[in-house]
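Following: one structure in structure tokens, then a few remarks.
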Amino acid sequence: MRLVTRLPLLSLFVLLTLPLSAQAVLTATGSSGGAYATIAAAGFGVEGPDTSSPACAGDGPGNHNSFGEHVTMAADAELGQNVFVFYSHLPEDNDRCVTFDRARTEIKGGPSGQTDPELEHAFGDTTFHRWQFRLPEDFKGSGSFAHLFQSKAEGGEDSGFPVLTLTARTSRLELRHDGGDGNPAGSLGKLAEANLDRFTGHWVEVSVRQVHANEGELNVSIYDVATGLPILLYANDNIDLWRGADGATDVINRPKWGIYRSYNADAGLKDETVRFANFCSSENGEAVCPSRIDPGTGTLEAPTGILPLDGSVSVPLYMSLVWDAVAGATAYRVYLGSSPTDLTLDTSLTTMTYAPALAAATTYYFQIGSVNEEGEARSETYAFTTLDNPDDGGWDVARGHARPEVEAGQFFAFDSDLELVGLDSVARIPDEAGNTAYCYFSGPKEGDNNNYRWHYRQEADEETTLILRLRALADVSNIAYVDFYGLGWRQKLRINRSTLKFERTPDDPEVNFPEGYWDDGGFHVLRITFANNPTSGQGMVTTVYLDEDATPFGAYPSDESQEDSYLDIGRAGGTDYGACFDYLAVNPTGAYAPGSGAESVPPSDLELPEAIVGTTYQPVFRPVLYPNPTAGRLVVSGLPAGMGYRYRIVTATGRQVVSGRMGDTPAGIDTKSLTAGIYFLQLTADDGGRGLARFVRQ
């Protein structure tokens, strides 16, 4: 962990008040009292719900001068200096006694000629802003808008909407762009986002570099002050950041900081105080504005948590490279090549994911480099091999491959509300280095929980063919279900170890599988067609074929009408379910029996090693993810006693974000650093046992 250097207050004040050229600097000069005089002396303006705004000088509604100045100064022990405190009250405050469905407490540059020139930016200027802010732990963002920063035009005919904002929503903080009324098609909307609790309860530092032009440049970075880790990074070298013609002299851009929020969609809104520190605006480069992020020892760490894992095979061509953020890094470089000695720079970027153009049956070697002003640190060389034959013809396919957390590919959506789900302990061969199947084991249904499914929504409502290549788990009776919706009808198949049940046919007919069909430990192919019934007045006919035998194994019409069109494969209801899926393939253009039409199954180079075929499934431990969803701490219990466990938390795209070790007693894993979304907790016991559990971070 990188810790911020805590400068003595006097030293920090001297540092921040040195007569550096071409900058506007605002720091808190006292540990208490109103801040308006300090703000004005530094060349900044104020907009607030009190007498600082001319419209609020009288006794009209919204004049909250009884509270006093809405920006004050206070000592801050965490940052080790005096800071500014911005207040926003409900319902007493509004927008300068002019607009009453919102409240504004801001400091600013402009109007033109009324503030420090370094806060008023002309066409072609390159500016740099840096500051820190701290949201309280219980801060409530707005469902509409709650701007903490604006880059806003003044003058011309198109200055109504800000060009850029940092906006606190109910669960996230967004960097947003608006092209203005004169260029609505150029509005990019949300440029980047991070979970709101990454900003609450601690200080963060923001840096914004902006070239003010119609084809401008933008670099935004937000770092955790205490750790030096990036929270949000964004870069664009061609973005519209000007509200006027090239060279227009009747327009300026100016920064605004504070709390400007809407009362619309105000569920949960309350009085707020937000702390700011060390405002700096410069037209003479980044180095003029000092940073509170500790530069460290001069050694930048190389990226870790890199995927695909080294040695991965059968990697789909749409697979992205991903890695963990590196403290102090301002950018990343990806080096790619056909041999470990022939790596060339493929791209530079500020995100932690990259999707290269990949070819089939090819082994790639790559390194990831973390970059800042100190230099670059590269990872070790990784290698992976793509699928031998990705040409699936008319099939849309989801395969087992080197990243089991990537469930869907580009055609399927994977959905799960499982609280208890385990990954078959024999599925990853060897550990984390070549998974060839999606394997799931779920306990009894509790309410609406413990379901999982692959969801395929058809673009056209047509007859459909589905192929499943799967194997059962030993000692688990229920394997999977298949639910067809289309052409006005529905059919649901329940695949059990001994029977196949057609649940949307009168009397739920069942067909017995051949004796021991699922007991050989190998994979079997089920081809299922969903087709128009040639008999008038009856529903769709669903036909099942086993292992590409052209003789139907079972065929029944549906008797349930349903106006929808999609396909679900997974588990719902009943007792324990378990299966390993090698691939799922859908042809949405018709019903194709083996040997006719699209008779070929998708290519599979994903056979399990012989050592795995016939192995007995051992029930995996299933940790309670409690609470689930989690708001900041994950408690794991119910583990076999007497051993230790290595844990990893990975994103739904397979990127590791947290790792460590724990014992078998209930323990808490801190998840405050995670953004909102779906995650998987992977556990590996000292004896080799493994478990996987899904949880939701609010």
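Points to keep in mind about this one:
- Every residue from segment 444-478 that is in a strand (DSSP E or B) and modelled with pLDDT under 90: TYR452, ARG453, TRP454, HIS455, TYR456, ARG457, ARG469, LEU470, ARG471, ALA472, ASN478
- Whichever residue in segment 33-51 is assigned to a loop (DSSP other than H, G, I, E, B) and of a type in the set (A, V, I, L, M, F, W, C) and, among such residues, is farthest from PHE67 (Cα to Cα): ALA42
- Residue in segment 108-118 that is under 34 Å from the mean Cα position of the chain (by Cα) and not small (Gly, Ala, Ser) present: yes
- For SER171, the conditions (1) of a type in the set (Ser, Thr, Tyr); (2) in contact with a His (Cβ under 8 Å, 6 or more places away or on another chain); (3) more than 23 Å from ALA329 (Cβ to Cβ) all hold with the exception of (2).
- If you check LEU229, LEU191 for being of a type outside the set (Lys, Arg), open to solvent by 10 Å² or more (accessible area, probe 1.4 Å) and touching a strand residue (DSSP E or B) at 6+ places or on another chain (Cβ under 6 Å), only one passes: LEU191.
- A count restricted to segment 482-503 and to residues that are crowded, with 22+ Cβ neighbours inside 10 Å, out of contact with any Phe, Trp or Tyr (no Cβ under 8 Å at 6 or more places or on another chain) and not aliphatic (A, V, I, L, M) stands at 1.
- Residues of segment 1-21 satisfying the condition of being closer than 28 Å to GLU120 by Cβ and either modelled with pLDDT of 95 or more or open to solvent by less than 40 Å² (accessible area, probe 1.4 Å) (or both): LEU12, LEU16
- Matching option when the condition is modelled with pLDDT under 90, open to solvent by less than 60 Å² (accessible area, probe 1.4 Å), within 26 Å of the chain's Cα centre (by Cα) and over 13 Å from LEU233 (Cα atoms), among VAL315, VAL326, VAL334: VAL315
- Filtered residue count, segment 544-570, keeping only those that are farther than 26 Å from ALA474 by Cα, open to solvent by 20 Å² or more (accessible area, probe 1.4 Å) and either among the hydrophobic types (A, V, I, L, M, F, W, C) or touching a Cys at 6+ places or on another chain (Cβ under 7 Å) (or both): 2
- Just so you know, in segment 96-110 the residues that are touching a residue at least 40 places away in the same chain (Cβ under 8 Å), in a strand (DSSP E or B) and open to solvent by 10 Å² or more (accessible area, probe 1.4 Å) include one that is nearest to LEU135 (Cα to Cα), and it is ARG104.
- Enumeration of residues in segment 453-465 that are within 18 Å of LEU526 (Cβ to Cβ) and within 31 Å of the chain's Cα centre (by Cα): ARG453, TRP454, TYR456
- Tally, over segment 546-585, of residues that are under 40 Å from the mean Cα position of the chain (by Cα) and among the aromatic types (Phe, Trp, Tyr): 4
- Residue check, ILE222 open to solvent by 10 Å² or more (accessible area, probe 1.4 Å) and in contact with a strand residue (DSSP E or B) (Cβ under 9 Å, 6 or more places away or on another chain): no
- Residue within segment 526-543 that is modelled with pLDDT of 90 or more, exposed (fewer than 15 other Cβ atoms within 10 Å of the Cβ) and in contact with a Ser or Thr (Cβ under 6 Å, 6 or more places away or on another chain) present: no
- The set of residues in segment 233-259 being touching a Lys or Arg at 6+ places or on another chain (Cβ under 8 Å) and open to solvent by less than 20 Å² (accessible area, probe 1.4 Å) consists of VAL251, ASN253, PRO255, LYS256, TRP257, GLY258, ILE259.
- Residue that is farthest from VAL204 (Cα to Cα), among those in segment 52-95 that are part of a loop (DSSP other than H, G, I, E, B) and of a type in the set (A, V, I, L, M): ALA57
- Residues of segment 460-481 classified as open to solvent by 40 Å² or more (accessible area, probe 1.4 Å) and charged (D, E, K, R), total: 4
- Selection within segment 129-149: residues that are farther than 20 Å from THR273 by Cβ and at pLDDT 95 or above. The member of this set that is most open to solvent (accessible area, probe 1.4 Å) is ARG130.
- Among the residues listed as LEU358, LEU349, the single one being surrounded by fewer than 20 Cβ atoms within 10 Å (Cβ to Cβ), of a type outside the set (Ser, Thr, Tyr) and at pLDDT 85 or above: LEU358
- Residue ID - modelled with the lowest pLDDT, chosen from residues in segment 273-312 that are touching a Lys or Arg at 6+ places or on another chain (Cβ under 9 Å) and within 23 Å of ASP582 (Cβ to Cβ): LEU309
- Test: residue in segment 87-95 that is more than 25 Å from the chain's Cα centre (by Cα) and surrounded by fewer than 16 Cβ atoms within 10 Å (Cβ to Cβ): yes
- The condition of being open to solvent by 40 Å² or more (accessible area, probe 1.4 Å) and more than 24 Å from GLY80 (Cβ to Cβ) does not hold for GLY155.
- Every condition in (1) within 15 Å of GLU272 (Cβ to Cβ); (2) in contact with a helix residue (DSSP H, G or I) (Cβ under 6 Å, 6 or more places away or on another chain) holds for GLU69 except the one numbered (1).
- Just one of the numbered conditions (1) farther than 24 Å from ASN284 by Cα; (2) of a type in the set (D, E, K, R); (3) crowded, with 21+ Cβ neighbours inside 10 Å is not true of ASP76: (3).
- Only a single criterion out of (1) buried (at least 17 other Cβ atoms within 10 Å of the Cβ); (2) touching a residue at least 24 places away in the same chain (Cβ under 8 Å); (3) of a type in the set (Lys, Arg) is not satisfied by ARG176, namely (2).
- Taking the listed residues GLY182, GLY201, GLY189, the one that is at pLDDT 85 or above and over 30 Å from GLU301 (Cβ atoms) is GLY189, with no other qualifying.
- Subset of segment 48-63 [of a type outside the set (Gly, Ala, Ser) and surrounded by 21 or more Cβ atoms within 10 Å (Cβ to Cβ)]: PRO49, ASP50, CYS56
The values are calculated or read from the model by the stated rules, or taken from the named source; none is laboratory data. Everything quoted here is computed from the prediction, not taken from an experiment. No Cβ is skipped: glycine too gets one built from the backbone with ideal geometry, and neighbour counts run over all protein chains shown. Ligands, DNA and RNA are excluded from the accessible area calculation, which covers all protein heavy atoms including side chains. Shrake-Rupley method; radii C 1.70, N 1.55, O 1.52, S 1.80 Å.
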